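The values are calculated or read from the model by the stated rules, or taken from the named source; none is laboratory data. Owing to the predicted nature of the structure, the values given are computational and were not obtained by experimental measurement. Here the Cβ positions follow ideal geometry from the backbone for every residue, glycine too, while neighbour counts run over all protein chains shown.
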Amino acid sequence: MGGAVLLTKGGYWGRVLRVDLSGGEVSQERLFDRELKMVIGGSGYGAKVLLQEVPASVKPLDPENRLVFAPGPLQATRVSGAAKCSIVSRSPLTGIFGETSVGSSWGLELKRAGFDALIVQGRASRPVFISIRDLVVDVVPAGALWGLDAFDASDGIKRALGESWASVACIGTAGERQVAIASISVDKLSVGGRCGLGAVMGSKNLKGIAVEGTGEAPVADPVRLASTARSFDEVLIENSKDYLSRKGTPLAVRPAEALGELPIRYWRGETWNEGAAKIGAPQYDQVLKPRPRSCPHCALKCRREVQVSRPAKYSVSPGPGPEYSTLAMLGSNCMLSDLKAIAKANDLCNRSGIDTISAGAFAGFIMECFESGFITRAETGGMKLSWGDADGVLEFISQIGLRQGYFGELLAQGIVPAAAKIGKGAGSVAMHVKGLDLPAHDPRAIYSLAISYATASRGASQSGGNLPGSSLGTLSATNGSNNGAKPRDMRHTEITVAKQQDRAASMNSLCLCKGVLLGGVDIEEMLDLLNAVTGWGWNLQELVKAGQRITNMQRMVDVKYGVGSADDRIPERLFQPASKGGRSNAAPTETSFAQALARYYRARGWDSAGAPRPSTISGLDITW
């Protein structure tokens, strides 16, 4: 894979920025051709840093944990879907590999500033933010910003710099107070929510990072890139014009309910047709009147900006509107059908800096705990949370975001510690994998999700690729559609899941938005872009192998932090079929799940404990 020199023709500077906040030290390190081809960038590079630099003895909120911000080679371009950046750390929510991604301009600006990645370590003695202007890096006092929500902090950092166009990644109050589901906000547009990496920023007394650059990273073949990017955009526009661009992800709510995929009543409900109609398209457009927004250079325009003025208690200034996952987890999961209330809940989460998926999961869990008698008003100081209680959910979110009140402290470290504190059987109803709350897709409608949730490197995650689409027949032939799993059949799930996870690992290392999958492009087009930018001349098998390599490196991180086969499981509830609705009389069985998991381990080249075998590691060229 090349020698220890920067041979790559484009896509990279070969330069990593490292900031040690404990001593305020700033340094630069070289990236070489061999390691670039091993990890590509983004998520793959983050996994490499955790493997090399963060031993199991270093806990997520310790100063010596690393927080890695890494774009990929495509951030040297203006390609649709490439306004992404991966953020990786040891997760305070799960204790294992933690990953989230952000859009807007941040990753693009870091690349323009001359860096392929940023590693933050240590802990500042007082609140600070980092300013990166091209190759000039400063650690700036941020005491006046501490205590502000993420949106106000973003504005404050820009004012402090005297530049309005810097891209700012920052935390809200939840990150400052090290709430385990704390998110990272970028430019008041995009949020990296999963895994609680905002708490890692808070543990380092780091309020934000502002970056702006004027450089242009090299591109190996600009003519080929321009042609490939035009074709890429044409496909995206044609395939998404009636979906993402026109209606956005809220269009998926009603079909998901019909399929039985929508989470309802904290995974106990079966149908919610009228409610789904109230929160999905076209009602979403009629009530919230959203404006399409996009990340830079992207043809998809899938984001939605909303504003609510009445009623006053649900008022929302112009800002990001709730997407499918938020509508599902704060809506159907909690039996909330008031779109304006959901928009307000989404805004509260974004401003305080907490993940909307976990926030909705926490609320549903607490509602069930009240219903089951695990929690009473006497314990909560008089507050009760009930299904469909919009105002109660808003107060609940406020407590979590500020880490105040009964619920703010109860859930500060995540759902597993909260269930243990409650006792009385609460642990049996907590819906999570490895501590990460389930996202907004029900595996009883699409069985391959059961294996994906159980084995995903960060815990319950649907980001292992477009699994719903692949099981419904949209998996490309290159990625194995000839052996693809059917929606309600555990046969071949190991093949579908492994291939989709590997594709997702490649995408998260290229830092390419998964929205392009819904726009009809796939790994073949990604390979064309990669080769045009880098000049590597890879064939498809080399890109597929890179995805396999990165997936296995992430698993190696998890194994180092104590993950084994006993952790690769899903909640008992997901083996219970529905009696009616889109997933009636359907669910994986414990036996079929166990058999599929064993087949998955064999397909991966992992041992019975779920660890990659030495022969697998060497065969994938994982070395340094």
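List of remarks:
- Of the criteria (1) within 24 Å of ALA445 (Cβ to Cβ); (2) buried (at least 20 other Cβ atoms within 10 Å of the Cβ), which one MET201 fails: (1)
- Filtering region 544-560 for residues that are modelled with pLDDT of 95 or more, exposed (fewer than 13 other Cβ atoms within 10 Å of the Cβ) and hydroxyl-bearing (Ser, Thr, Tyr) leaves an empty set.
- Close pairs from region 328-342: first within 17 Å of VAL308 (Cα to Cα), partner of a type in the set (Phe, Trp, Tyr), Cβ under 6 Å, at least 6 apart: LYS340/TYR314; ALA341/TYR314
- Search result, residues across region 566-624 that are closer than 19 Å to ARG549 by Cα and of a type in the set (Val, Ile, Thr): THR616, ILE617, ILE622, THR623
- Test: SER579 is touching a residue at least 40 places away in the same chain (Cβ under 8 Å), of a type in the set (Ser, Thr, Tyr) and more than 17 Å from GLU494 (Cβ to Cβ): yes
- Of the residues in region 265-275, at least one is out of contact with any Leu (no Cβ under 9 Å at 6 or more places or on another chain), among the polar types (S, T, N, Q) and closer than 19 Å to SER337 by Cα.
- In region 569-582 there is at least one residue matching the filter, namely being touching a helix residue (DSSP H, G or I) at 6+ places or on another chain (Cβ under 9 Å), under 24 Å from GLN462 (Cβ atoms) and of a type in the set (Gly, Ala, Ser).
- Scanning region 343-388 for residues that are in a loop (DSSP other than H, G, I, E, B) and without any contact (Cβ under 8 Å) to a residue 24 or more places away in the chain yields THR376, GLY382, LYS384, LEU385, SER386.
- Helices (runs of 4 or more DSSP H) within region 507-624 that include 2 or more residues more than 24 Å from the chain's Cα centre (by Cα): 523-534, 540-560, 590-604, 614-619
- Test: residue in region 397-411 that is surrounded by 15 or more Cβ atoms within 10 Å (Cβ to Cβ) and basic (Lys, Arg): yes
- Restricting region 213-261 to residues that are assigned to a helix (DSSP H, G or I), in contact (Cβ under 8 Å) with a residue 60 or more places away in the chain and of a type in the set (Asp, Glu), the residue that is farthest from LYS514 (Cα to Cα) is GLU257.
- Among the residues making up region 171-190, those that are farther than 20 Å from GLN399 by Cα and either buried (at least 24 other Cβ atoms within 10 Å of the Cβ) or of a type in the set (S, T, N, Q) (or both) are VAL186, SER190.
- Scanning region 42-96 for residues that are polar (S, T, N, Q), more than 15 Å from MET526 (Cβ to Cβ) and buried (at least 24 other Cβ atoms within 10 Å of the Cβ) yields ASN65, SER86, SER89, SER91, THR94.
- Looking only at region 105-130, and only at residues there that are more than 23 Å from SER190 (Cα to Cα) and of a type in the set (S, T, N, Q), the one that is farthest from the chain's Cα centre (by Cα): SER125
- The set of residues in region 506-522 being buried (at least 21 other Cβ atoms within 10 Å of the Cβ), among the hydrophobic types (A, V, I, L, M, F, W, C) and out of contact with any strand residue (DSSP E or B) (no Cβ under 9 Å at 6 or more places or on another chain) consists of MET507, LEU510, LEU512, VAL516, LEU517, VAL521.
- Members of region 149-170 that are surrounded by fewer than 24 Cβ atoms within 10 Å (Cβ to Cβ) and over 27 Å from ASP437 (Cα atoms): ASP152, ASP155, GLY156, LYS158, ARG159, ALA160, LEU161, GLY162, GLU163, SER164, TRP165, ALA166
- Residue count, region 305-331 (criterion: farther than 17 Å from SER105 by Cα and within 19 Å of the chain's Cα centre (by Cα)): 10
- Scanning region 166-220 for residues that are within 15 Å of the chain's Cα centre (by Cα) and not aliphatic (A, V, I, L, M) yields a count of 9.
- For ALA299, the conditions (1) of a type in the set (A, V, I, L, M, F, W, C); (2) touching a residue at least 24 places away in the same chain (Cβ under 8 Å); (3) not in a loop (DSSP other than H, G, I, E, B) are fulfilled apart from (3).
- Taken as a whole, region 306-320 holds at least one residue that is assigned to a helix (DSSP H, G or I) and not charged (D, E, K, R).
- When restricted to residues that are touching a residue at least 40 places away in the same chain (Cβ under 8 Å), over 18 Å from LYS111 (Cα atoms) and hydrophobic (A, V, I, L, M, F, W, C), region 149-175 contains 8.
- Here is the figure for region 77-108: residues that are part of a loop (DSSP other than H, G, I, E, B) and on the phi < 0 side of the Ramachandran plot total 14.
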